[in-house]
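A.B. asks: The structure's right below; bear with me while I get my questions together.
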Amino acid sequence: MREVTTTVKVYKFEELEDSVKKKVLNNMRDFNVDHGSDWHWCEKELIGEDLKAIGLKMNNLYFSGFSSQGDGACLEVTLEDLDLFLKHMLANGFTLKQVATAKRGEMGFNTKQRGHYQHSGCMVINFDRPSNLSQDSHYKIFEELESQVKELIQNLSDDAYRKLEKCHDWLTSDEQIIESIEANEYEFTSEGKLI
């Protein structure tokens, strides 16, 4: 048996021909967002902080994306600070009567993801039904509140999805892939094969 040693010329990304650069970029398109990486952790933290600012605690954020029907995000949240939440809702459509009813009824809720998909329509919202609301009109107001809260949580889930998608698009852009290639000092063959 004998050993044969071959020599291969290697190139930095910027030294490759333009057509080969395109090939490398396409082959490494998901490099920054490979499965198993936590590329989304920072965006999830920011979403959690935004929710906390309006009185909600994010328990989980499920999402799938970003190019198929059924893709989206689903928030699992718990109402943690009723006063903060009602202040936000008052600025976004709740009436004073609804706010007073919610406070009197000590409104509470949480959301859970359900089913196989992970978008804003795939969650269950569990409301704490108040026992201290005596009049039928209060129950009607409470039902309106539930409807508005459901719409808000769905909108927040859709907004979270848009933020995650924007982050994903940025990480899979040519500029970010090139930055990662250069930061890792990757080298390639003249055909664009990673060494």
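None of the figures in this text is laboratory data; all of them are computed from the coordinates on show. Note that the structure is predicted; figures quoted are calculated from it, not measured. Using ideal geometry, Cβ is built from the backbone for each residue, glycine included, and neighbour counts are taken over all protein chains shown.
A.B. asks: Of all GluC sites (Glu not before Pro) in the stretch 1-51, which ones are in loop regions per DSSP and have a Cβ with at most 15 other Cβ atoms within 10 Å?
C.D. replies: Filter output for the stretch 1-51: Glu3, Glu17.
A.B. asks: Check the straight Cα-Cα distances from Lys87 and name the aspartates and glutamates below 15 Å, setting aside those fewer than 8 residues away within the same chain.
C.D. replies: Hits, sequence-local ones excluded: Asp50, Glu106.
A.B. asks: How would you rank Cys42, Cys122, Cys74, going from fewest to most other Cβ atoms within 10 Å of each one's own Cβ?
C.D. replies: Placing the least packed residue first, the sequence is Cys42, Cys122, Cys74.
A.B. asks: Among 156-165, 79-88, what's the highest-first ranking by average C-beta atoms within 10 angstrom per residue? Mind dumping the intermediate values first?
C.D. replies: Values: 156-165: 19.7, 79-88: 16.6.
Top to bottom by mean Cβ count within 10 Å: 156-165, 79-88.
A.B. asks: What is the extension gain from Lys166 to Ala183, computed as 0.36 nm multiplied by their sequence separation minus the C-alpha to C-alpha distance, in nm to one decimal? Don't skip to the answer; put the middle values down first.
C.D. replies: Numbers: separation 17, 0.36 × 17 = 6.12 nm, distance 2.23 nm.
Length gained between Lys166 and Ala183: 3.9 nm.
A.B. asks: Go through the stretch 166-183 residue by residue and turn each phi into a ³J(HN,Hα) via Karplus (6.51, -1.76, 1.60, θ = phi - 60°); whole Hz please, and just put x for glycine and proline.
C.D. replies: Running phi through 6.51 cos²θ - 1.76 cosθ + 1.60 with θ = phi - 60° gives 4, 5, 4, 4, 5, 5, 9, 6, 3, 4, 6, 5, 4, 4, 5, 4, 5, 5 Hz.
A.B. asks: Against the longest principal axis of the chain, how steep is helix 18-27, in degrees 0 to 90 to the nearest 10, with axes from Cα atoms?
C.D. replies: 50
A.B. asks: Cα axis of helix 82-91 to longest principal axis of the chain: angle in degrees, 0 to 90, nearest 10?
C.D. replies: 90
A.B. asks: Using the alpha carbon gyration tensor of the stretch 37-171, what are the three equivalent-ellipsoid semi-axes (square root of 5 times each eigenvalue), largest first, in whole Å?
C.D. replies: Working: eigenvalues 182, 44, 27 Å².
Over the Cα atoms of the stretch 37-171, the ellipsoid semi-axes are 30, 15, 12 Å.
A.B. asks: Rounded to the nearest 20 Debye, what is the dipole magnitude of the chain about its Cα centre when Lys and Arg each give +1 and Asp and Glu each give -1 at the C-beta?
C.D. replies: 680
A.B. asks: Using only Cα atoms and rounding to the nearest 10 degrees, what angle (0 to 90) does helix 41-52 make with the longest principal axis of the chain?
C.D. replies: With rounding to tens, the tilt is 10 degrees.
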